[in-house]
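Contents: one structure, followed by commentary.
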Amino acid sequence: MDTNPAVDPEFTVICCPDSFKGTATADEAAEAMAAGVRDAGATAVTVPMADGGEGTAELLARAWATDEAVAHDVDAVDAIGRPITARWWEPAPGRAVLDLASASGLPAVADSPDALGASTFGTGEVILDALDHGATDLTLCLGGSATTDGGAGIAVALGGRIVDASGRAVPRGGGALAGADRLDLTGLDPRARRATWTLVLDVTTPPRDAPTVFGPQKGATPEQVRHLTEALVNWCRICGVDPDEAGYGAAGATPVGISAVAGASLSTEGGAALLGRATGLDEAMSAASCDLILTGEGSVDAQSHVGKVVGWVVDHAGAPVHVIGGVVDEEAVVVKHATGATALPGPMEHTRKQLRAAAYEATVRAARKAGRARRP
């Protein structure tokens, strides 16, 4: 890489990637891109991003913090009931932000996935801890779940009781919801009903389609996908939710159960848009001082334009956007709408080094095109 300054130092580049899962966090990816921008002689602005998946809670908490966000570690259970230490964030007194993936995420149970039995109960335990610390404003980021239980585990952890037609409690997990008859909320923790809930989504999938779209990656066989679909439609009936409600299929339809717990205090937000507002990225991307935007994620593909960071950036940018991915589908909508794209050559353990090199090259090319390069 040529590290002699090649670009006007006032040429400003915003580096706002999502994480490159397994190889670089959003912070690490943004810093690697920024290093490449600085190698070119330009000015770098880092805004690590997320869209609702793992890591969103920390980024939101940092953006919302009145002083410094406080991390709270909680003893809970993972999606298949094993002990785990999960975390929620307190950006200000009374406010809690958490990733559902912290307790109920797929990586923790990758060694033993259970498509029918996986439960969000552990996330409910984390929410209870937040309530115990005085939280009245709950923001739950829903990406990366191992579950397809419609948030039933959360409802039970908070004091609800799901019973069959004979009044017996049904087991945890989405599969058991096929035999559920009603949700008894007489024992619900009253603090859960009084709290304000915001669910941060990264998909627009409805509950009816959640098992088909996401079930296989959670270990579901075709027969289990059919069973879970029937179970979630029944759960929607119990909770009074339209099974075709857009976005309510996120995290194995977790919003369905939370809607019964939260009542009228529930709202939903797109993760990328929410974080973009919280960090001020939405305004920065349209500022006259912004000359180039670098964004990216591990796999830039057909899904990247629906609720994901890359798609949101491309749609809302007021400056040229260059997309960088570990894998890049040249036919993806975001690639066609961006001004340029780079696929990293691999291997994965070199992601940060390659992000730096790709950012350097993209910056130099953009500056030359804009007439802002110092030399040919």
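Descriptive notes on the structure:
- Rg and Dmax of the range 237-376, Cα atoms only, in Å: 18.8, 67
- FRET efficiency estimate (nearest 0.05) - Cβ-Cβ, residue 289 to residue 226, R0 41 angstrom: 0.15
- Cross-link reach list, lysines versus residue 218, counting only Cα pairs under 30 Å and skipping chain neighbours closer than eight places: 21, 308
- Full extension of the chain between residue 204 and residue 73 gives 44.1 nm of extra length, using 0.36 nm per residue less the Cα-Cα distance.
- By the Stokes-Einstein formula, at 0.692 mPa s and 37 °C, the range 1-97 with its Kirkwood radius over alpha-carbon pairs has D equal to 211 µm²/s.
- Look at the alpha carbon pairs under 8 Å that are at least 6 residues apart: their mean separation over the length of the range 1-143 gives a relative contact order of 21 percent.
- Inter-probe distance in nm under a simple model that places probes 7 Å from Cα toward Cβ, at residue 264 and residue 164: 3.7
- Rg over Rh, two decimals, the chain (C-alpha only, Kirkwood Rh): 1.02
- Crossing angle, helix 250-262 versus the chain [Cα axis fit, 0-90 degrees, rounded to tens]: 50
- Straight Cα distances below 12 angstrom link residue 353 to the aspartates and glutamates 28, 31, with same-chain residues fewer than 8 positions distant left out.
- Here the range 212-233 and the range 54-132 have alpha carbon centers that stand 24 Å from each other.
- Axis of helix 351-369 versus longest Cα principal axis of the chain: the two differ by about 50°, to the nearest ten degrees.
- Residue 181 versus residue 132: modelled label distance in nm, points set 7 Å from Cα along the beta carbon direction: 3.4
- GNM flexibility winner over the chain from 164, 67, 209 (Cα, springs under 10 Å): 67
- Among the GluC sites (Glu not before Pro) found in the range 1-94, those both in a DSSP coil and sparsely packed, with 15 or fewer other Cβ atoms within 10 Å of their Cβ, are 10, 68.
- Counted by Cβ distance under 13 Å from residue 289, the other residues give a net charge of -3, where Lys and Arg count +1 and Asp and Glu count -1.
Just so you know, all these numbers are worked out from the coordinates, no wet-lab data involved. Quick caveat: nothing in here was measured; it's all calculated off a predicted structure. Cβ atoms come from the backbone with ideal geometry, glycine included; neighbour counts cover every protein chain shown.
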